[in-house]
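The values are calculated or read from the model by the stated rules, or taken from the named source; none is laboratory data. Predicted model, so just to flag it, every value in this text is computed and none were measured. Note that each Cβ is placed from the backbone with ideal geometry, even for glycine, and that neighbours are counted across all protein chains shown. For accessibility, only protein heavy atoms count, side chains too; no ligands or nucleic acids. Shrake-Rupley method; radii C 1.70, N 1.55, O 1.52, S 1.80 Å.
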Amino acid sequence: MNATEQHICDSIDAHAAELTAFANDIYAHAELGYTEHRTAQRVADWLEQRCGLSPETGLAGTGVKAKLGTSRPSVCLIGELDGILCPEHPLAVPETGMSHACGHHMQLAALAGAALALCDPAVAQNLHGSAVFFAVPCEEHVPVNRLEQLRKQGIATCCGGKPELLLYGAFDDIDAAMTTHAHMVHCDKDFLLGSNSTSGFLSKLIRIKGRASHTAIAPEKGVNALDVVTLARSAIGMLRSTLRDEDCIRIGEIVRMGNSAINVVPHEVTVDLQVRAKTWDALLDADKKIDRAYRAAAYAFGADIEIIDDMGYLPTIPSLPCRALTDAAALLSNKASYEPVSFAVHNAASTDVGDLSHRMPVINFTFSGFSGTLHGADFRITDEEKAYLLPAKLAALTMYHLLKDNAVQARELIQQYQPKMSARQYHEYARKFDSGFVGEPSPFDR
């Protein structure tokens with residue numbers, strides 16, 4: 001390590017107790033997307049009081065953004081503010097059921113530690129360009145029924161924080177982004193460097209209206225909305241033979257009943273549904289098949305049906321680690337093992353980093369330090385150094401490598417990147433959902 005690299009690591013080590021306390025406090029106070037007011041305040045206070053920055057707050061409701069430097073190129077380190085609904089987790093908030101079984105508090109520890117180290121004058125003087133620290137809301141997407149309410153209240157337009165921020169220009173002054181996460185695919189190493197492909201998804205809200213009737217006296221006069229769902233799900237099950245394995249189609253749904261007594265034919269049912277796929281074209285194909293199954297089932301029973309398709313996340317564009325990330329990981333090899341991503345491995349989950357990857361280069365790494373299942377009640381932090389401190393060091397060292405020496409590595413990364421969507425194309429894609437989505441060819445350049 002050179003003197004600056006050593007100073008970065010020493011700064012994080014010197015504040016290890018504070019960073020761990022910061023992370024564990026957020027761990028115990030998870031909040032729902034677009035309502036992360038306490039978490040956002042903790043991040044803003046840290047950036048102002050510990051780092052000497054002047055954070056901008058209230059972006060997409062709760063986002064916090066602080067900039068070190070004023071020139072370009074501008075490299076942004078992202079942390080996600082929200083938790084996940086998992087009331088069975090031991091640290092779930094009793095009133096809401098929200099927990100950080102998603103591990104987003106670990107990202108915020110990386111952001112806080114990296115900001116602390118890079119803002120040290122001995123380090124900052126060696127940076128050329130700008131280092132941006134951006135805590136963003138709502139990575140765990142908002143389902144359509146809640147999003148409808150958020151739109152009416154003027155709180156949010158998009159189901160995720162990064163699409164919201166992209167749509168309204170909060171990333172316009174950023175040239176490249178760095179993202180982190182707890183390991184999302186199997187990895188025996190402490191760090192997985194680069195971005196796996198991830199699935200994109202669309203959100204669907206399906207409202208089925210049948211006819212109420214007494215289940216014993218006159219069941220024949222009713223139209224059972226729940227039977228419509230059962231028939232549609234059976235059809236979708238049979239349609240699975242038409243879905244290619246390599247497209248990684250996943251369909252998840254929650255069925256919600258309207259108010260009804262047990263002796264009344266179920267006449268109102270709402271289905272919240274997600275359909276995921278590895279590519280946009282496969283996603284549209286599966287989406288059309290789901291629509292046909294539900295509409296045909298409703299027709300068979302004589303029920304009314306409304307299907308609302310809404311914005312999800314775009315598939316993440318996979319990328320190998322850049323030189324700055326690999327060199328930074330090598331500096332920590334006495335403490336942490338690492339390996340690059342394999343393009344043969346696909347992550348069937350979805351993230352709004354996918355949207356970001358269509359607009360700018362994304363430097364990504366995932367990390368260990370936990371046990372159990374993401375989004376599960378058994379998720380636990382098992383090694384605070386690997387969960388909180390080493391990711392902070394890797395993020396800070398990578399940003400230093402990108403921005404040192406007239407930011408030559410950041411400039412190379414930006415020059416080599418070819419965006420998949422222009423700002424105009426992204427706006428057009430997102431705006432389709434204001435009046436209902438109509439399946440069309442891929443909205444980005446082929």
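The alpha-carbon atoms of the stretch 150-283, seen along their principal axes, cover 66, 41, 29 angstrom, with the largest extent given first.
Of the accessible area of the stretch 200-347, with the probe set at 1.4 angstrom, what percent is carbon plus sulfur? Carbon and sulfur: 53 percent of the exposed surface of the stretch 200-347. Under a model in which nothing but the beta-carbon of Lys, Arg (+1) and Asp, Glu (-1) is charged, the chain shows a dipole of about 1060 debye around its Cα centre.
With a Förster radius of 41 Å applied to the beta-carbon distance between Ser71 and Arg244, the computed FRET efficiency rounds to 0.30. Taking only the Cα atoms of the stretch 84-159, the ratio Rg/Rh comes out at 1.13, with Rh defined as the Kirkwood radius. For the chain, the membrane-span-like helix rule (DSSP H, alpha carbon extent of at least 24 Å along the helix axis, mean Kyte-Doolittle at least -0.5) picks out 280-301, 390-416; this says nothing about an actual membrane. Per-residue extension of 0.36 nm, minus the Cα-Cα distance of Glu306 and Thr279, leaves a gain of 7.1 nm for this segment. Straight-distance candidates among the aspartates and glutamates for linking to Lys221, with alpha-carbon spacing under 17 Å and chain neighbours fewer than 8 residues away dropped: Glu268, Asp304. Cross-link reach is defined here as a Cα-Cα straight distance under 26 Å, omitting same-chain residues fewer than 8 places apart; for Lys67 the lysines meeting it are Lys162, Lys393, Lys404. For the chain, what does -39500 (n - 2.57) per DSSP helix run (n ≥ 4), summed and divided by total residues, give at 222 nm, in deg cm²/dmol to the nearest 500? Dividing the helical sum by the residues of the chain leaves -11000 deg cm²/dmol. For Arg211, the residues whose amide H sits under 5 Å from its own are Val223, Asn224, Ala225, ignoring neighbours fewer than 5 places away on the same chain, with H placed 1.01 Å from N. Comparing Gln416, Gln125, Gln107 in a Gaussian network model of the chain (Cα springs below 10 Å), the most mobile by mean-square fluctuation is Gln416. For the chain, Cys9, Cys76, Cys86, Cys102, Cys138, Cys158, Cys159, Cys187, Cys248, Cys322 have no disulfide-compatible partner, since no other Cys C-beta lies under 4.7 Å from theirs. With the biggest extent put first, the Cα atoms of the stretch 1-108 measure 46, 29, 22 Å across the principal axes.
Exceedance of the 23 Å cut-off in Cα-Cα distance is limited, within the set Lys152/Lys278; Lys278/Lys420; Lys65/Lys204, to Lys152/Lys278; Lys65/Lys204.
Pairwise Cα separations in the chain fall into 10 Å bins from 0 onward with the following percentages, short to long: 4, 21, 30, 24, 12, 6, 2, 1, 0.
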